[in-house]
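Asks: Below is the structure I would like to discuss, written out as structure tokens.
Throughout, read-outs are computed from the coordinates displayed, never taken from laboratory work. Predicted, not measured: the structure shown is a model, and the values here were computed from it. Virtual Cβ from ideal backbone geometry, glycine too; neighbours counted across all protein chains shown.
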């Protein structure tokens, strides 16, 4: 690795002069600057990242968590999309482990105290998430991937987020099925009151009601719940079919549940099963599925982080980049229909 | 964030004195040191990570790649294990994208030129992998996760690796089936000549031959190949069953193929299907599977990296830590048998 000393020796100047040429060129004589620039180019010198970070007081590094078991089947694709976006913007991605909120806060402390990172991407946020409080309290820059469902004001300017509109994705899928002649369309969702799960279910429910495919009462009978694993999907689908032998489509909240539903299908049944996430499983089974725009999500996440860091370091102090709405981004997914 | 200047002001000394107390305490008077230490403790000052890296010339940062589609179903678990091990050792993990070898080399250049990272973990290495050549040529510290199958000398001291002994895992699984009365045990592997795939297949083949369960000729008929997706596993298993109606177990090279094999089973068949990777799919379907020791793998990876960095910066120059064998670690997986 070429150092600043190598450049200084090559140009016949002091290391401080080389440093000035890089950081404060106006105070260096043009002829000296030309000498140094020439040496820098010839030797292929790149300023040390640590030195640059120390000087700019910006680490240009985003921290993102990795859980013992992934939150979603597309988490690795989100990480790749973020790494791609970071590469294009000369930003680094640091990975930290997320075993519990408490453990995460400990790491937030270490990462920010050492100046290792200057922004965070949070996924899998819950009601009254203590991480959000901590980050706001400690004036840290962050963006949620996923909406802060527990918050009173989803559009709180202090809590920026990027999310994919799952309700819209499931509604599109349900409309597609109706327009292709399916009438008794069931839904398998997740149990409990998760914002994401309830939101996706609404997409099915509203579309079915709007198209007068079923009454609200009938819809309750066409709906089942299952934990996100294959066997649970299989059992839920078998029970649905027993209760409603005339079902002709099953919209599932995830590709995993859809895989289970496929396993519950009687041989030769003409029942369409659809999933969510466009995983290799769905592709392999040729299931219609919903594709999340992860590259676009990563793009918006990095844009918001940079705007917030800029507004923080800007000398005017004006928060122009934080105009309402721009830092709360809901992206539309698309449906994928195999031939 | 508390800066070195805040500490200096609080202790009534110059910032240089504070710096000396931290980096070169012997040159500071004990009474001054006590003052500064007191201020550091009271204000909660942590030396800036960038400053520390610049001083030590070690970034203590490991780079690891993330592919558009994961190499394996346990990649997120490896990342979590590495992040955990890194956290315990005050090391950072930087994530970079791996779209092509060429693109990786470009990023290697940027990451090392800027001093952002001082070591690499490579996964999914291939025959004549140009990344290995580049890293050796540029005197970079790295460890492979997975053996360098293409290399003439697998125990080349310049190419350290950590791997899981898949052959042993599949052999254990096959022995378990034989000891529980299974006799016609088939195998579904990946097509092609991948080192990992051939190695796992040998585990089944050798165990079957040793136990005289089949002749080499019969084994060829009990073996099928399929790309790593559910539908391919399903077709391969259906074809196997048609060819060998007396099959009583199917050992699969991955949980994905095992999931497909389960789908091909006739209702009520008493045929055991086994997988590899202990994924949530295998757990959900209650399939016997092979569990990779990922925490232990991450531990060995970080240990090897640290030993190699130490030996590089040691003043004696002796390569004590690079004794033969220690930097080529083959870990035994365990089999998981659901009740």
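Asks: With a ≥ b ≥ c taken as the square roots of the eigenvalues of the C-alpha gyration tensor of the stretch B:166-291, please select rounded if a/c is under 1.5 and otherwise prolate if a/b is larger than b/c or oblate if it is not?
Replies: Here the stretch B:166-291 falls in the rounded category.
Asks: Using only alpha carbon positions, build the gyration tensor of chain A, then give the equivalent ellipsoid semi-axes as the square roots of 5 times its eigenvalues, largest first, whole angstrom. Before the final figure, lay out the partial values.
Replies: Working: eigenvalues 529, 85, 59 Å².
Over the Cα atoms of chain A, the ellipsoid semi-axes are 51, 21, 17 Å.
Asks: Once you average over the residues of A:79-89, how many Cβ atoms of partner chains fall within 10 Å of each Cβ?
Replies: 5
Asks: Now for a different question. So what are the radius of gyration and Dmax for the Cα set of the stretch A:4-47, in Å?
Replies: That works out to 8.9, 23 Å for Rg and Dmax.
Asks: Continuing with this model, one more query. Could you give the semi-axes, largest first, of the ellipsoid that matches the stretch A:32-191, computed as the square roots of 5 times the alpha carbon gyration tensor eigenvalues and rounded to whole Å?
Replies: Details: eigenvalues 323, 100, 39 Å².
They are 40, 22, 14 Å, listed largest first.
Asks: Does the stretch B:55-117 classify as rounded, prolate or oblate by the C-alpha gyration tensor (a ≥ b ≥ c root eigenvalues; a/c under 1.5 gives rounded; else a/b over b/c gives prolate, otherwise oblate)?
Replies: Working: a/c = 4.49, a/b = 1.10, b/c = 4.06.
Cα axes put the stretch B:55-117 in the oblate bin.
Asks: How far is residue B:102 from the same spot in each other copy, in nm, shortest first, if each label point sits 7 Å from Cα toward Cβ?
Replies: Copy-to-copy label distances for residue B:102: 5.2 nm.
Asks: Another question about this same structure. For the residues B:85, B:242, what sequence is obtained by ranking on other C-beta atoms within 10 Å, fewest first?
Replies: B:242, B:85
Asks: Give me Rg/Rg_expected for the stretch A:168-217, where Rg uses Cα atoms only and Rg_expected = 2.2 N^0.38 Å with N residues.
Replies: On the way: Rg = 10.7 Å, N = 50, 2.2 N^0.38 = 9.7 Å.
Normalised Cα radius of gyration, the stretch A:168-217: 1.10.
Asks: Turning to a different aspect of this structure: If every alpha-carbon in the stretch B:222-322 counts as one equal scatterer, what log10 I(q)/I(0) does Debye give at q = 0.17 1/Å?
Replies: These q points yield log10 I(q)/I(0) values of -0.73.
Asks: Could you work out the mean count of beta carbons from other protein chains within 10 Å of each residue's beta carbon in A:113-121? Let's see the in-between values first.
Replies: Details: counts 8, 11, 9, 6, 2, 0, 0, 0, 0.
Mean shielding count: 4.
Asks: Show me the ranking of peptides B:124-137, A:111-124 by mean Cβ neighbours inside 10 Å, starting with the highest. List each step's numbers first, then the result.
Replies: Working: B:124-137: 15.4, A:111-124: 21.3.
Output ranking for B:124-137, A:111-124: A:111-124, B:124-137.
Asks: Relative to 2.2 N^0.38 Å, what does the C-alpha radius of gyration of the protein assembly as shown come to as a ratio? Two decimals please. Could the numbers behind the result be given before it?
Replies: Working: Rg = 28.7 Å, N = 678, 2.2 N^0.38 = 26.2 Å.
After normalising by residue count via 2.2 N^0.38 Å, the value is 1.09.
Asks: Follow-up. Once fully extended, how much extra length lies between residue A:217 and residue A:34, figured as 0.36 nm per residue of separation less the alpha-carbon to alpha-carbon distance?
Replies: Values: separation 183, 0.36 × 183 = 65.88 nm, distance 7.97 nm.
That works out to 57.9 nm of additional length.
Asks: Roughly what % antiparallel, to the nearest 5, for the DSSP beta bridges in the stretch B:166-291?
Replies: Among the beta bridges of the stretch B:166-291, antiparallel pairing accounts for roughly 0 percent.
Asks: Go ahead and set up a Gaussian network model of chain A, Cα springs under 10 Å, then flag whichever of A:39, A:194, A:31 fluctuates most.
Replies: Between A:39, A:194, A:31, it is A:31 that shows the largest mean-square fluctuation.
Asks: Would you mind ranking B:243, A:147, B:303 by Cβ crowding within 10 Å, fewest neighbours first? Don't skip to the end; give the middle numbers.
Replies: Numbers: B:243 12, A:147 22, B:303 18.
Going from sparsest to densest Cβ surroundings: B:243, B:303, A:147.
Asks: Based solely on its DSSP helices, what 222 nm [θ] is calculated for chain A when runs of n ≥ 4 H residues each add -39,500 (n - 2.57) and the sum is averaged over all residues, nearest 500 deg cm²/dmol? Display every interim value, and only then the final one.
Replies: Numbers: 14 runs with 159 residues, N = 339.
Value at 222 nm, helices only, nearest 500: -14500 deg cm²/dmol.
Asks: Could you let me know the centre-to-centre spacing of the stretch B:86-145 and the stretch B:1-42, using Cα atoms, in angstrom?
Replies: 38 Å
Asks: For the stretch B:188-238 and the stretch A:268-305, what is the centre-to-centre distance using only Cα atoms, to the nearest Å?
Replies: What the calculation gives is 32 Å, centre to centre.
Asks: What is the mean number of Cβ atoms from other protein chains located within 10 Å of the Cβ atom of each residue in peptide B:276-289, rounded to a whole number? Provide the component values of the computation, followed by the final result.
Replies: Numbers: counts 0, 0, 0, 1, 7, 7, 1, 3, 11, 6, 1, 0, 0, 0.
Partner Cβ neighbours, averaged per residue: 3.
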